[in-house]
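Please read the structure below before turning to the comments.
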Amino acid sequence: ADFKGKHILLAEDNELNQEIAVHILNSHGIEVDVVPDGQAAVEKIDATAVGYYDVILMDIMMPVLNGYEATRLIRQLPDQEKARIPIIAMTANAFEEDKKKAFAAGMNGFISKPFKVEKLLEALAKVRR
């Protein structure tokens with residue numbers, strides 16, 4: 001899939017994980033903005049124009065608000081276009097129970113960390129809008 005010109009919001013508190021993900025995504029023509037926690041992700045989506053971000057990559061274990069809580073708040077935003085943005089969970093916790101929690105929170109996809117590039121691109125292709 002061609003992702004050139006797409007915009008992703010990456011919610012990730014670990015700087016090394018941020019650098020790796022940004023490098024991979026940029027190398028595929030994807031523009032990335034990074035926020036360090038779930039609260040910042042909610043605020044960024046709420047403050048940004050509808051349609052600017054194509055997908056959110058959401059870490060689960062973050063300070064302030066975790067990925068589940070942030071996803072629930074995004075899904076409750078008054079602007080339904082913003083509330084429906086695709087969200088992909090990224091987590092080192094890759095058990096079936098973790099997947100169920102992610103989908104129950106309103107996420108659209110799930111990848112485990114450390115992620116393989118092809119798995120990340122596959123997850124992005126599945127949730128494209």
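For region 1-50, the list of trypsin sites (Lys or Arg not before Pro) that fall in a loop by DSSP and count at most 10 other C-beta atoms within 10 angstrom reads Lys4. Among His23, His7, the order of accessible area from largest down is His23, His7, computed with a 1.4 Å probe on protein heavy atoms. Among the chymotrypsin sites (Phe, Trp or Tyr not before Pro) in region 1-95, those located in a DSSP loop and surrounded by at most 12 other Cβ atoms within 10 Å of their own Cβ are Phe95. With coordinates expressed along the principal axes, the C-alpha atoms belonging to the chain extend over 34, 33, 26 Å, beginning with the largest. Considering the dipole of the chain built from charges on the beta carbon (Lys and Arg +1, Asp and Glu -1) around the Cα centre, which of Thr91, Val34, Ala125 is farthest to its positive end? Toward the positive end, the furthest listed residue is Ala125. With the helix formula -39500 (n - 2.57) applied to DSSP H stretches of n ≥ 4, the chain reaches a computed 222 nm mean residue ellipticity of -12500 deg cm²/dmol. Inter-label distance, Glu81 to Ile24: 3.0 nm, where each label sits 7 Å from its Cα along the C-beta direction. A simple count of charges around Gly67, restricted to other residues whose Cβ falls under 13 Å of its Cβ and scoring Lys, Arg +1 and Asp, Glu -1, yields -1. Net charge of the neighbourhood of Glu122, taken over other residues with C-beta under 12 Å away and scored Lys/Arg +1, Asp/Glu -1, is +3.
With contacts taken as Cα pairs under 8 Å and at least 6 residues apart, the chain reaches a relative contact order of 22 percent. For region 71-94 versus region 98-124, the inter-centroid distance based on Cα atoms is 12 Å.
The values are calculated or read from the model by the stated rules, or taken from the named source; none is laboratory data. Because the structure is predicted, anything quoted here is derived from the model rather than measured. Cβ: placed from backbone, ideal geometry, glycine included. Neighbour counts: every protein chain shown. Note: areas computed on protein heavy atoms with side chains; ligands, DNA, RNA excluded. Shrake-Rupley method; radii C 1.70, N 1.55, O 1.52, S 1.80 Å.
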